[in-house]
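Structure, as structure tokens:
The values are calculated or read from the model by the stated rules, or taken from the named source; none is laboratory data. In this text, all values refer to a predicted model and were calculated from it rather than measured experimentally. Methodologically, a virtual Cβ is constructed for each residue, glycine included, from the backbone with ideal geometry; neighbour enumeration extends over all protein chains shown.
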Amino acid sequence: MSKLLTRETQETYMLEVDLPNIYCCIDAHSIVRTLPFVSLQPIPQTDTYIKGFCNLYGKSVIVIDLANYLGLEQEINYSLDTPLIICSHHQKYLGIIVENINGIIKIDPNKVQLANEFKHKSPIFSGTIVTDKETRIILKIDLLFEHYMIHSG
């Protein structure tokens, strides 16, 4: 999916996703596609948040459970309804399991809050945004890729 910005308002399109007790959003330009849960091949002797890998158009893609990665307590019951988001960054792919996908929203980057606080304290979040329903934390896929690559060896 390409980066979607409107010239008049500089709005950015974000995908709203839920984790246990956390509402997030992800910049839509980093999302290749969303899928229902697929069969994963396990990877022995890896961190518990790495759930395995899947085949996407002939490429092997590591799949992580984002809630586990963030250390959130959750009961893991994957089903065909469990969403899987395939993201890309610098021609690398990563599958991310989330609890729920709510849809696409437009945000004004000038309305992002707590950006300075997150810049110094969070390895993968860039701020918060207030939507019509709730306040969401913004997950930066490029930072997730960098942080994941550092910690996965």
ask   = Does Leu144 count as modelled with pLDDT of 90 or more and either under 26 Å from Tyr13 (Cβ atoms) or not aromatic (Phe, Trp, Tyr) (or both)?
value = no
task = Kindly indicate the residue of the range 75-90 that is farther than 17 Å from Leu40 by Cβ and assigned to a loop (DSSP other than H, G, I, E, B) and also modelled with the highest pLDDT among those meeting that condition.
result = His90
inquiry  = Against the conditions (1) more than 24 Å from Glu134 (Cβ to Cβ); (2) in contact with a Gly (Cβ under 8 Å, 6 or more places away or on another chain); (3) part of a strand (DSSP E or B), where does Tyr93 fall short? Just the number, please.
reply    = (2)
